[in-house]
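Participant: Let me give you the structure first, and then I'll get to my questions.
Each reported figure results from applying straightforward, stated rules to the coordinates on display, with no laboratory input. None of the values given here were measured: they were computed from a predicted structure. Virtual Cβ from ideal backbone geometry, glycine too; neighbours counted across all protein chains shown.
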Amino acid sequence: MVALPRRDPRHNTIAAIDAAVEAAEKCGAPRGHLGASEIGNPCDRALWYSFRWAAEEEFSGRMLRLFERGQREEDSLSDLLRWAGVEVQTIDPETGEQYRHRSVGGHFSGGRDGYGLGLKEAPKAWHVLEYKTHNAKQFARLQKEGVAKSHPKHYAQCQIYMHHGRDPVDGNPVHRAFYLAVCKDDDQLYAERIHYDPAFAMKLEARAERIIYAQQPPARISDNPTWWECKFCPYYQVCHQRAAPAVHCRTCAHATPERAGVKGNPEAARWSCRLHGLPELGLHEQRQGCQQHRYIPNLVTWAEPVDADVERNAVLYRLTADGRIVENSDDGMSSVELAGLSASTEAVERGRVATTEAA
C-alpha cells in the first residue's frame, strides 16, 4: 500500500477550492452602485474610488468563503426569529427578490435582510432586520460598546435602511431596526434595537449624492500615507503611491453618472458617454471601456496635465519624474500606455531619492 503524504497546510485540493472560488468571483458582474453598507466609511475619497472602480479589490478564496458564510447565516437567523414567534419577511413581493433601497438616481443602493414584526421588546412595531457575523474579538467589542460605536458602518447602514424603509403590509415608515449578530466562534447571539435618526440619515444621503456626482476625487481622510485607516484601504496604492487606476468608463472624463434613471425604469442607475453620444452604458460596457478613454485628469497622479485639445480628444501631460511631455490621444499614447508609465516614473523617483540619500 502506498503511504499517504503527511498533512500539508498547502494541500493541493484546498488550493484548488480557493482558486475556483476566486475565479467565480472574477466572473461576476461588478457592483454598479455605491452601497449602503459602505456609506459609513469615514473617507470620502475611498467611497469615490469604490464607486468609480479605481482599483479592483481582490480577496483570497478564504475571505470569499467567509463572506459566503455570512450570507448563508442570514437564512439561519431568520429561521431563529421565526421560531421565536417573529413574523419575518425577506422577499419583496413586487420584485420576488430581496428588499432593496435605491436613491440618488439609482446610484446609491443596498439590500435589506428583511422586516420583522412581533419582537418581544416591541411586538407591535415593524423593524428593519440587519444580520451580521463577527469573530470573537469583534463580538466582544460589540457587546461592550454597542453597534454605533463598535461598528459605525453597520449603524449607518441601518439608518439608511430605516430612512427608506416601508413596512411590507401597509407601507408605513419603519423607524426601528433590529440588529442581530452571531459570533462565529461560539454561536453567541447579540441583539440591539436601533432608533431612527432622521438628521443623521439625511446627512448620509446627502453625502452619497455629493460623492456620486463629484467629477474629481474628493479629499482624503488623511494626507499622511502612514495613517492607519489609509494603510488598510484597498485604494492605498492609487491614493498614496501614484499607482494608475483601472482603465474603463468609470475613470474616463467622458462618462457621467446621470441624475435621471433609465427610460421606463427611473430607479435604475444610468451612465452616459458624452464622446460617443450614448445615453445609456450597461455595466459590461462600462467595464470594457474603449480606445478613446481619457483619464479624469486628477486621477493621473504621476503626471501633470499641461494642455488639452477637445476636438482631437487629446491631453498633454508632463511626467512628474523626468519632465517628459506625453500625449494621451488616438495618435499618441493610449490610456493603458499612459497607465504603464506610472510604475516606471515611480521607479525613477525612488532611484532619485536613494541617490540623494546616499550623497
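Participant: How large is the helix-only mean residue ellipticity at 222 nm for the chain, computed as the sum of -39500 (n - 2.57) over DSSP H runs with n ≥ 4, divided by its residue count, in deg cm²/dmol to the nearest 500?
Facilitator: Calculated mean residue ellipticity at 222 nm is -11000 deg cm²/dmol.
Participant: Pairing the Cα long axis of helix 136-145 with the longest principal axis of the chain, what angle in degrees results, from 0 to 90 and rounded to the nearest 10?
Facilitator: Computed tilt is about 70 degrees.
Participant: Where does helix 61-83 land angle-wise versus the long Cα axis of the chain, in degrees 0 to 90, nearest 10?
Facilitator: 20
Participant: Using a Gaussian network model of the chain with C-alpha springs under 10 Å, which one of Asp187, Asp170, Asp92 is most mobile by mean-square fluctuation?
Facilitator: Asp170
Participant: A follow-up question, please. Loop-only check: which chymotrypsin sites (Phe, Trp or Tyr not before Pro) in region 188-259 are DSSP coil with at most 10 other Cβ within 10 angstrom?
Facilitator: Answer in residue order: Phe232.
Participant: To the nearest 10 degrees, how steeply does helix 152-163 sit against the main Cα axis of the chain, on a 0 to 90 scale?
Facilitator: The answer is roughly 70 degrees.
Participant: Let me ask another. With +1 on the Cβ of every Lys and Arg and -1 on the Cβ of every Asp and Glu, and nothing else charged, how large is the dipole of region 203-344 about its Cα centre, in debye rounded to the nearest 20?
Facilitator: Charge dipole of region 203-344: 480 debye, to the nearest 20.
Participant: Looking at region 64-156, which GluC sites (Glu not before Pro) are in a loop (DSSP not H, G, I, E or B) and have at most 11 other Cβ atoms within 10 Å?
Facilitator: Glu94, Glu121
Participant: Same structure again: Pairs of lysines 8 or more apart, or on different chains, with alpha carbons under 15 Å: count those in the chain, would you?
Facilitator: Taking the Cα cut-off of 15 Å, the pair count is 5.
Participant: For region 203-286, state which trypsin sites (Lys or Arg not before Pro) are in a DSSP loop and have at most 16 other beta carbons lying within 10 Å of their beta carbon.
Facilitator: Those that pass, being in a loop and sparsely packed, are Arg259, Lys263, Arg274.
Participant: Which whole-number percent gives the relative contact order of the chain, counting Cα pairs below 8 Å spaced six or more residues apart?
Facilitator: Answer for the chain is 15 percent.
Participant: Still on this structure: Rounded to the nearest Å, what's the spacing between the alpha carbon centres of region 86-165 and region 215-239? Just the number, please.
Facilitator: One Cα centre to the other: 28 Å.
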